[in-house]
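Each remark here refers to the structure printed beneath this line.
Every number here is computed from the coordinates shown, using simple stated rules; none is lab data. Here the structure is a predicted model, which is why all the values come from computation and not from measurement. When we count neighbours, we look across all protein chains shown, and the Cβ atoms used for this are built from the backbone with ideal geometry, even at glycine.
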Amino acid sequence: MPDRLIDLRSDTLTRPTAAMRQAMADAQVGDDQYGEDVSVNALEARIAELLGKQAAVFVPSGTMANQIAVKVLTRPGEEVITGGEAHLLWHEAGGASANAGVQIIALGLSGIFTAAELRAAYKPRGHMVYPPTTLVVIENTHNRGGGVIFPQPLVEEVCEAADALGMTTYLDGARLFNAAVATGTSPRDLAAPFRMAGIALSKGLGCPVGSVIAGSAEDMVAARRQRRLFGGAMRQAGILAAAGLHALDHHMDRLAEDHANARLIGEHIAEARNAELDLATVQSNIVVFRTRPEAPPDAEVIARAREHGVLLLAFGPRMLRMVTHLDVSRADCDKAGTVVAGILDGRS
């Protein structure tokens with residue numbers, strides 16, 4: 001086993017840099033429950049400004065951000081529309097039904113859907129049988145879709161259609177900053193069509209903990225109460241918020257490096273005869289690919305890759321994921337792509 005593992009299972013696996021640790025150690029803190037934590041207040045104000053919203057609330061996780069949004073924006077018995085294989089549907093332990101009492105339906109492939117598909121799926125209020133469709137959630141970038149970016153013109157069309165139907169909108173922007181860097185579009189513009197938006201600090205930005213949800217001042221009062229209800233209220237959380245402030249200053253622009261490294265991995269995988277990967281889907285820092293029946297089973301691929309010092313994740317039957325981040329170099333990603341492609345084709 002190599003002394004050092006190249007961990008590409010997720011961008012949540014990063015360790016705080018020395019500079020980030022110092023910022024955390026030096027953080028000004030107070031009691032966030034009383035609104036007195038200086039660093040939390042600064043982070044919330046900074047994210048609200050970045051996303052063009054009136055206010056924001058710091059929460060422990062992206063899942064909690066999403067769950068708070070659904071809870072605030074819906075009522076039990078209503079229906080939520082989101083893209084196919086969305087995080088809200090696949091990776092939140094059924095929270096939307098358990099916490100908010102709503103059902104979710106998914107549209108489109110790889111997280112992308114159209115305004116026409118939204119209108120076709122919409123169910124009006126007051127029907128004797130059907131649940132009313134009241135919320136649309138767009139995930140950008142889309143995790144299970146391989147980090148694909150939801151095209152902004154399509155975002156605007158979907159949100160305009162939702163508004164015309166009397167629905168409201170939420171942006172699951174856990175990796176929104178990746179989308180911003182990849183497209184050259186500001187986070188404010190990407191978030192503009194939505195009533196509320198959430199971003200993660202613990203993914204591409206490399207923080208140890210935390211997400212932020214943003215929206216109107218009134219909605220954030222409701223969100224803060226739901227954070228308390230969900231057990232996510234914190235005290236001297238400025239130690240964590242300081243990591244977010246440091247990341248916004250120092251880790252944003254370098255996301256382009258992660259995207260280039262993911263592309264490098266994707267090029268290796270796409271050349272493997274026993275892999276199925278459309279390089280057009282490698283748009284940010286995630287590479288999701290399928291393996292042909294001739295390739296070794298997923299568990300074997302993962303075990304053999306580990307023997308070569310590479311960690312990757314099984315994302316479904318014959319479906320694997322590799323995610324780049326600030327703890328892996330271009331040389332690491334070149335090696336990882338070569339190793340995994342070789343294993344798929346029986347060369348490693």
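Using Cα pairs under 8 angstrom and six or more residues apart, how large is the relative contact order of the chain, in percent?
Normalised by residue count, the contact order of the chain is 25 percent.
Using just the C-alpha positions of the stretch 293-348 as equal point scatterers, what log10 of I(q)/I(0) does the Debye formula give at each q in 0.29 1/Å?
One equal scatterer on each Cα of the stretch 293-348 leads to -1.30.
Report the net charge of residues surrounding D258, where surrounding means a beta-carbon distance below 13 angstrom and charges are Lys +1, Arg +1, Asp -1, Glu -1.
0
Among I199, I343, I105, I239, which comes first, second and so on when ranked by fewest other beta-carbon atoms within 10 Å?
Going from least to most buried by this count: I105, I239, I343, I199.
For the stretch 287-348 and the stretch 178-199, write down the distance between their C-alpha centroids in whole Å.
30
If you put +1 on each Lys and Arg Cβ and -1 on each Asp and Glu Cβ, how big is the dipole of the stretch 41-110 around its Cα centre, in Debye rounded to 20?
Taking the Cα centre of the stretch 41-110 as origin, the dipole is about 160 debye.
Sum up the charges of everything whose Cβ sits under 12 Å from the Cβ of S211, counting Lys and Arg as +1 and Asp and Glu as -1, but leave S211 out.
Around S211, the charge tally is +1.
Set the Förster radius R0 to 45 Å, insert the Cβ-Cβ distance between E300 and A256 as r into 1/(1 + (r/R0)^6), and round the FRET efficiency to 0.05.
Here the calculated transfer efficiency is 0.85.
Among bridges DSSP assigns within the chain, what percent are antiparallel (round to 5)?
50
How charged is the neighbourhood of A192? Take every other residue with its Cβ under 14 Å from the Cβ of A192, and add Lys/Arg as +1 and Asp/Glu as -1.
Here the charged neighbours net out to -3.
What are the ³J(HN,Hα) values, in whole Hz, obtained from phi via the Karplus relation 6.51 cos²θ - 1.76 cosθ + 1.60 with θ = phi - 60°, for each residue of the stretch 196-210 in sequence order, with x given for Gly and Pro?
These are the phi-based 3J(HN,Hα) values: 9, 8, x, 10, 9, 9, 8, 9, x, 7, x, 7, x, 8, x Hz.
Using unit Cβ charges (K, R positive; D, E negative) and no other charged atoms, how large, in debye to the nearest 20, is the dipole of the stretch 254-344 about its Cα centre?
Value, rounded to 20: 100 debye.
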